[in-house]
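Enquirer: I have a structure I would like to understand better, so I am pasting it below and will then ask my questions one at a time.
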Amino acid sequence: MEQEQQATAHPPVSAELSAGRNAYLKERIIRSVWFATAAFGALSVFFILAFLIKDGIPIFATVTPGEFLFGAIWNPTGAVPAYGTLPLWVGTILVTIGAMAIAAPLGIACAIVIAELASPRVRAIVKPAVELLAGIPSVVYGFFGLIILTDVIRVTFSIPSGETWLAGSLLLGIMALPTIISVSEDAISAVPKDYREGSLSLGVTRWQTISRVVVPAALSGITAALILGIGRAVGETMAVLMVTGNASLIPDPLYNVLSPIRTLTGTLGIEMGETAIGSAHYHALFGVALLLLVITLAVNISAMMILGHIRAKQTGTGNGPGRTAALITRFRREIWISVAAILLLVVAVTVSPLAAVLLAISGAIWWYLLPRIQPRYRQTAAFGLLYAALAVVLAALAIILGYILINGLPAISWEFLTTAPRALGREGGIFPAIVGTLCLVAGAIAVALPIGVGAAIYLVEYTRENIVTRIIRSGVDLLNGTPSIVFGLFGFSFLVIYLNFGVSLLAGQITLALMVLPTVIRTTEEALRGVPASLREGSLALGATQWQTISRVVLPPAMPGIITGAILSIGRAAGETAPVMFTAVIFSSRFLPSSLSDPVMALPYHLYILATNVPGAETNQYGTALVLIALVAVIYLVAIAVRTHYQKSIRW
């Protein structure tokens, strides 16, 4: 009888042990899958870099690195080919300097208004407007610049063509504004309230508190914002390609802002599609892409280091913002003198020495008079300038959208939206381009969303901060800062040629997926971190496994943030031209794609070709631009609405 009782007791124990082993094995498998997705995001940037090196290094069998970097002539198709990139990277630096001279003061001023001065109602209007400015596709900026801005410059300065360095800097300045405003506003908002209250309690004005306490304490974040803005300007392709004239020469004199120039990205966009694969010219272009990637990686690594320093201070592991504020206050005079000297040098080089002298005299007079003006008058003048900067930014948005809306509405009809193009796009509609864009976006999200969500789950839920997570996050950040044209070249070299996908829908979808992957990862991370730790602890205390806790307790409340990230990724993918122009798209097709191996039409590329290569298509140009803006705007507005709804409804 005792043996029978033991026999009947053993099976449940064995079953329990077996179930425990199965649960443990399942957890290990799930953890390994999420680790693989996280590693994929980090390895992607290194894989892209390796492939660029593979295709770029052979050019140095033709020219030396010194000749490639400092040669003054870029003429790969000449009788005697020349591969000097000096005018290309000088042009890139010049147009970026001009852009930051516009974007930096406007962006910081707008950030101060949003963070410190605006009422909640005004902030609720301005922040979505800034996000909408970020959502306008670069090809639409380029189209507006080509049609309107260059003509204004041509007439104003009585020059043969308005496609100049000035046009490129103006456009890039507007495009860099959202990045600078967003990051600067976050940095200013992160300054503790105690700083403001302590300053105001001493009897100083609100402007003195902002300028001498808040802004110095947020200076690291503002610096990071400016660096990220530089990265945005350096990596832009379509806008500069359409408005800078694309002449591979160094302005003479160097400060001639009305000279045409050519950038690194513009060179890739112009020449890659017409280059024989495997030729010296082909390898030279990959060398240009490698140079561009190195520059942008250096810029983004600098921003990452500064932002990491900020996070260390906020978590109490650094010296704290108070030390920064104290140092800035102590050396404020020296800092202002240094900034003024740099500004005068830039003006002297880019405008003229006479302008620098006049600016120096005006600055000296202002420096002398400023201490003698009563603080309340200084505050009134400062606030007036800040609100004027915000008005300029909103006016730029209104002008761009208003002009395209007014001129694009006459083109919108049922036929335009539902038929194929005819007569090289001068007639007919854009239905295949709409469908092609949606197919590209759907495939990109289908690839990026599971990988991005899995990577974020691993980084937040399965591991603590260590060397592995830092490497993964650094890789994701660098991938996020990679110029879109570099993704296009990587997709062309690896997917189209090496894997023999050809110019196809599949190649474009994978390329876009790599581009939007960092956005999905970052937004999902923030959503997961927003779920209180007490929910996880309660679930685990009841005996649930880690994956059961994540899937049933953590993911449901984090889903709105994940959906928001997916929608923002859709908006970005829908408006991109450079990543798909070498991998997926054709200009005109009467038929819809029947398989993943077919090339497709896409709205951004269709607009680019109409604007630059098809005369007499003005009506359809504006109509295509309006449809593209409307598509992206609707996507971003949905994301904003989802975020706002759940911010109001979720209270922990």
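Enquirer: Give me the number: length gained by fully extending Asp194 to Ala395, i.e. 0.36 nm times residue separation minus the C-alpha to C-alpha distance, one decimal in nm.
Expert: 68.9 nm
Enquirer: Once the mean 1/r over all distinct Cα pairs of segment 71-319 is inverted, what Kirkwood radius in angstroms do you read off?
Expert: On the way: mean 1/r = 0.0505 Å⁻¹.
By the Kirkwood definition, the hydrodynamic radius is 19.8 Å.
Enquirer: Rounding to the nearest 20 debye, state how big the charge dipole of the chain is about its Cα centre with +1 on each Lys and Arg Cβ and -1 on each Asp and Glu Cβ.
Expert: That gives the chain a dipole magnitude of about 1880 debye.
Enquirer: Which order do peptides 527-533, 575-581 fall in by mean Cβ count within 10 Å, highest first?
Expert: 575-581, 527-533
Enquirer: In whole Hz and in residue order, list the ³J(HN,Hα) couplings for segment 34-44 that follow from phi through the Karplus curve 6.51 cos²θ - 1.76 cosθ + 1.60, θ = phi - 60°; x for Gly and Pro.
Expert: Going residue by residue, I get 5, 5, 4, 5, 5, 5, 4, x, 6, 6, 4 Hz, with x marking Gly and Pro.
Enquirer: When we measure straight from the Cα of Lys193, which aspartates and glutamates land under 15 angstrom away, once same-chain ones fewer than 8 places off are left out?
Expert: Glu116, Glu185
Enquirer: List every residue whose amide H lies under 5 Å from the amide H of Tyr83, counting only residues 5 or more places away in sequence or on a different chain, with H placed 1.01 Å from N in the peptide plane.
Expert: Those qualifying (amide H under 5 Å, at least 5 residues apart or on another chain) are Asn75.
Enquirer: So which chymotrypsin sites (Phe, Trp or Tyr not before Pro) in segment 25-71 pass both tests, a DSSP loop state and at most 14 other Cβ atoms within 10 Å of the Cβ?
Expert: none
Enquirer: Further question: Treating the beta-carbon of each Lys and Arg as +1 and of each Asp and Glu as -1, no other charges, what is the dipole magnitude of segment 414-563 about its Cα centre, to the nearest 20 debye?
Expert: In total the dipole reaches around 100 debye.
Enquirer: Amide H to amide H, which residues 5 or more places from Ala247 or on other chains are under 5 Å from it, using H placed in the peptide plane?
Expert: Ile261, Arg262
Enquirer: Could you compute the FRET efficiency for Ala82 and Ala630, with r as their C-beta to C-beta distance and R0 at 30 Å, rounded to 0.05?
Expert: 0.10
Enquirer: Among Ala298, Leu86, Ile227, whose Cα sits farthest toward the positive end of the charge dipole of segment 71-319 (+1 at Cβ of Lys/Arg, -1 at Cβ of Asp/Glu, about the Cα centre)?
Expert: Ile227
Enquirer: Can you tell me the length gained on complete extension of the stretch Asn75 to Ala298, counting 0.36 nm per residue apart and subtracting the Cα distance? Mind showing how you got there, number by number?
Expert: On the way: separation 223, 0.36 × 223 = 80.28 nm, distance 2.75 nm.
Computed gain between Asn75 and Ala298 is 77.5 nm.
Enquirer: Once you have the Cα-Cα distance between Ala23 and Gln548, take 0.36 nm times their residue separation minus that, and quote the gain in nm to one decimal.
Expert: 187.9 nm
Enquirer: When the convex hull of the Cα atoms of segment 576-631 is projected onto a plane and the area is averaged over all directions, what value comes out in nm²? Mind showing how you got there, number by number?
Expert: On the way: hull surface 17.1 nm².
Across all orientations, segment 576-631 yields a mean hull projection of 4.3 nm².
Enquirer: Go ahead and estimate [θ] at 222 nm for the chain from helices alone: -39,500 (n - 2.57) per DSSP H run with n ≥ 4, summed, over the residue count, rounded to 500.
Expert: Roughly -23500 deg cm²/dmol at 222 nm, from the helical runs in the chain.
Enquirer: Something else about it: Using each residue's phi in segment 405-420, evaluate 6.51 cos²θ - 1.76 cosθ + 1.60 at θ = phi - 60° and report the 3J(HN,Hα) Karplus result to the nearest Hz, with x for Gly and Pro.
Expert: Karplus values, whole Hz, x for Gly and Pro: 5, 5, 7, x, 4, x, 7, 7, 8, 4, 5, 5, 7, 10, 10, 7.
Enquirer: Can you find, among Gly452, Gln548, Ile114, the residue sitting farthest towards the positive end of the charge dipole of the chain, where Lys and Arg contribute +1 and Asp and Glu -1 at Cβ?
Expert: Working it through, the farthest residue towards the positive pole turns out to be Ile114.
Values quoted throughout were computed directly from the atomic coordinates according to the rules given, and no laboratory measurement underlies them. From a predicted model like this one, the values you see are computed outputs, not experimental measurements. Virtual Cβ from ideal backbone geometry, glycine too; neighbours counted across all protein chains shown.
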